[in-house]
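Engineer: Sending over a structure as structure tokens; questions will come in a sec.
The values are calculated or read from the model by the stated rules, or taken from the named source; none is laboratory data. This one's a predicted model, so the numbers in the text were calculated from it and none came from an experiment. All Cβ positions, even for glycine, are placed from backbone atoms using ideal geometry, and neighbour counts span all protein chains on display. To get the accessible areas, we keep the full protein, side chains included, count just its heavy atoms, and leave off ligands, DNA and RNA. Shrake-Rupley method; radii C 1.70, N 1.55, O 1.52, S 1.80 Å.
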Amino acid sequence: MPALAVDAAAPVAHAFACDAARFPAPLLGPAAAAAAVAEKPDAAAWSADLSSALYNVDGWGAPYFFVNDDGDVAVRPHGAATLPGQEIDLAKVVAKAAGPRSGGGLGLPLPLLVRFPDVLRHRVEALNAAFDYAVRSTGYGGRYQGVYPVKCNQDRHVVEDIVEFGEPFRFGLEAGSKPELLLAMSCLAARGNPDALLICNGYKDDEYVSLALIARTMGLNTVIVLEQEEELDIVVDASRRLGVRPVVGMRAKLRTKHAGHFGSTSGEKGKFGLNAAQILSVVAKLKTLGMLDCLQLLHFHIGSQIPTTALLGDGVGEAAQIYCELARLGAAMRVIDVGGGLGIDYDGSHSAQTDMSVAYSLEEYAAAVVAAVGRVCDRKGVAHPIICSESGRALVSHHSVLVFEAFSASAPGRIDPATGYLLDELTDDCHADYRNLMAAAVRGDFDTCALYADQLKRRCADQFKDGVLGLEHLAAVDSLCEIVARGMGAAEPPRTYHINLSVFTSLPDMWAIGQMFPIIPIQRLGCMYPVWFV
């Protein structure tokens, strides 16, 4: 049985799924329903395949999420290699977890976080396999050795799993704060590969730097990355006090800029990293101190959700030039850290036209990185370095699902025959708009219909504010205009589901604010649902 874990009200990394136990699938308007049936004329009722297409599950969920024959969202924990008996029905998992103890359930309250460690294992293996193939197919002289940025999901179980699954690949961790560093030290010391990197980014005071140096005395492969020039003084003072020789890296401020929403920290005006003059200043200081051999890593970050391999290759190529220059200046360079940026296709569009998608595969990403580094190093005559990446969302996004209950839903507007008389009680000018609206509807003049409907609503709203019309009149007019709009072929307004959920409790970190997450019912997706006609 594939591994899974269920926690109550814990942070989520990727897809939100709502429990549709009480409600049918969202309503489609007549035009959308007719189009769906036209695509499958042999389908007498709604099907799981049509639900899968409606929610674009194959776009954002492949190869892990799909709608099974029972109409439930299911998970393939090993991706495309998952065998039929290994598939996990998410609705059945939730029923077992949330069911009463008297009936054999666990009695856990919603919302639930359901984690799939096997998906996490598959992501770690797929990332390393992509880079391994790129290295072998191009004759690259170095290797890939990635790290997981703890800030992406700081859950201890997630970090421990990544360290365990990544041990055969020398996979390490990246920390950006003292709490993250303590967690990373604990996990790597207990389960990590001795060669795994522990990358120390973020703000550095004496306490942070001292912790990083103590980690080296524990046998951890710790690298302190300088993001501000003055941090070098803190590192030198702490190393002398503790008697520990540091290994340091530098974060370069590239001129390559990611113009999208997630690229605000990139470019030469970005707030993180060292420019060319500062890099040379740090090199000169290290040389004066007799510590130039301590400089072994170059780090940069173009931005999260890099949209294309063209932008990726441009940035990596620029950074590789800096790496080669540092080697020329005498630094004992051995690692180039390409940072984060490996994107996830949240909206399923497979394009570079939105911040929520990317126009490349995992394999194409790895190939672009390896090719760009190898090309520059070959031209400069520099030995190929170890390639490190800090891929966070690409590892953890698919492995957890937040399940919450939808306890009510909005209904499409309709006119109650018992209150239809209210339309006859409108004032003369409103009643004139009403008659013109109905006459245009009979003629099929939809443009005029829309004009009179808008005019009627505005006039009624003004008279309601003046106290001429009552609330019942206003509701009757709103319902009438909505029905007329649907009769004109306008898209039916989306049904609103009401849920009991604290977004801030369930977010993995502040980076998820404003992030797009797929939302889908987890059951009854194969059912025929009602379609409202006028």
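Engineer: Taking the conditions exactly as written (touching a strand residue (DSSP E or B) at 6+ places or on another chain (Cβ under 8 Å), in contact (Cβ under 8 Å) with a residue 12 or more places away in the chain and basic (Lys, Arg)), does Arg156 satisfy them or not? Give the steps one after another, and end with the answer.
Structural biologist: On the way: touching a strand residue (DSSP E or B) at 6+ places or on another chain (Cβ under 8 Å): no; in contact (Cβ under 8 Å) with a residue 12 or more places away in the chain: yes; basic (Lys, Arg): yes.
No, not satisfied.
Engineer: Return a yes/no flag: does the stretch 278-297 have any residue that is in a strand (DSSP E or B), open to solvent by less than 30 Å² (accessible area, probe 1.4 Å), under 19 Å from Tyr144 (Cα atoms) and in the same structural domain as Ser389 (by the TED database).
Structural biologist: So the first thing to find is which residues in the stretch 278-297 are in a strand (DSSP E or B), and the list is 295-297.
Restricting the remaining residues to those that are open to solvent by less than 30 Å² (accessible area, probe 1.4 Å) gives 295, 297.
Remaining after also requiring under 19 Å from Tyr144 (Cα atoms): 297.
Filter once more, keeping what is in the same structural domain as Ser389 (by the TED database): 297.
Yes, the stretch 278-297 contains a residue that is in a strand (DSSP E or B), open to solvent by less than 30 Å² (accessible area, probe 1.4 Å), under 19 Å from Tyr144 (Cα atoms) and in the same structural domain as Ser389 (by the TED database).
Engineer: A follow-up question, please. Can you tell me which residue within the stretch 252-295, out of those that are at positive phi and touching a Lys or Arg at 6+ places or on another chain (Cβ under 6 Å), is modelled with the highest pLDDT? Please lay out each step first, then the result.
Structural biologist: We begin by selecting, within the stretch 252-295, every residue at positive phi; these are 267, 273, 290.
Right, trim to touching a Lys or Arg at 6+ places or on another chain (Cβ under 6 Å) and you get 267, 273.
Working: Gly267: 58, Gly273: 90.
Once the filter is applied, the top-ranked residue is Gly273.
Engineer: Can you confirm whether Ala36 is at pLDDT below 95, open to solvent by less than 60 Å² (accessible area, probe 1.4 Å) and in a helix (DSSP H, G or I)?
Structural biologist: Values: at pLDDT below 95: yes; open to solvent by less than 60 Å² (accessible area, probe 1.4 Å): yes; in a helix (DSSP H, G or I): yes.
When the stated conditions are applied, Ala36 passes them.
Engineer: Further, regarding this structure: Check Val57, Val73 and return the single one that is in contact with a Leu (Cβ under 8 Å, 6 or more places away or on another chain), open to solvent by less than 20 Å² (accessible area, probe 1.4 Å), in contact (Cβ under 8 Å) with a residue 60 or more places away in the chain and not polar (S, T, N, Q). Please lay out each step first, then the result.
Structural biologist: On the way: Val57 fails: in contact with a Leu (Cβ under 8 Å, 6 or more places away or on another chain).
Unique residue meeting the criteria: Val73.
Engineer: Under 7 Å between Cβ atoms, at least 6 apart or on separate chains: pull out the pairs that start in the stretch 364-387 with a residue that is closer than 14 Å to Ser137 by Cβ and end on any residue that is of a type in the set (S, T, N, Q).
Structural biologist: Taking only residues 6 or more apart or on different chains, the pairs are Glu364/Thr309; Ala368/Thr309; Val370/Thr138; Ala371/Thr138; Gly374/Thr138.
Engineer: Identify the single condition in (1) open to solvent by 10 Å² or more (accessible area, probe 1.4 Å); (2) touching a residue at least 12 places away in the same chain (Cβ under 8 Å); (3) within 30 Å of Val401 (Cα to Cα) that Met333 does not satisfy, given that it satisfies every other one.
Structural biologist: (3)
Engineer: Looking only at the stretch 205-242, count every residue that is free of Cβ contacts under 8 Å to residues at least 60 places away in the same chain and outside any helix (DSSP H, G or I) and tell me the total. Lay out the reasoning, then the answer.
Structural biologist: Within the stretch 205-242, the subset free of Cβ contacts under 8 Å to residues at least 60 places away in the same chain is 205-222, 224, 226-242.
In the following step, the residues that additionally are outside any helix (DSSP H, G or I) were identified as 205, 218-222, 224, 226-230.
The qualifying residues number 12.
The rows are residues; the columns are (1) acidic (Asp, Glu); (2) farther than 25 Å from Ala284 by Cα.
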| site | (1), (2) |
| --- | --- |
| Pro307 | no, yes |
| Ala310 | no, yes |
| Glu318 | yes, no |
| Cys324 | no, no |
| Ala332 | no, no |
| Leu342 | no, yes |
| Ser349 | no, yes |
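Engineer: Moving on to the next point. Could you please find all residues in the stretch 189-225 being within 11 Å of Val163 (Cβ to Cβ) and open to solvent by 10 Å² or more (accessible area, probe 1.4 Å)?
Structural biologist: Ala189, Ala190, Arg191, Gly192, Asn193
Engineer: What's the number of the condition Tyr365 fails, among (1) among the hydroxyl-bearing types (Ser, Thr, Tyr); (2) surrounded by 20 or more Cβ atoms within 10 Å (Cβ to Cβ); (3) outside any helix (DSSP H, G or I)?
Structural biologist: (3)
Engineer: Since Ile336 meets every condition but one in (1) modelled with pLDDT under 95; (2) part of a strand (DSSP E or B); (3) of a type in the set (A, V, I, L, M), which condition does it not meet?
Structural biologist: Against the list (1) modelled with pLDDT under 95; (2) part of a strand (DSSP E or B); (3) of a type in the set (A, V, I, L, M), Ile336 comes up short only on (1).
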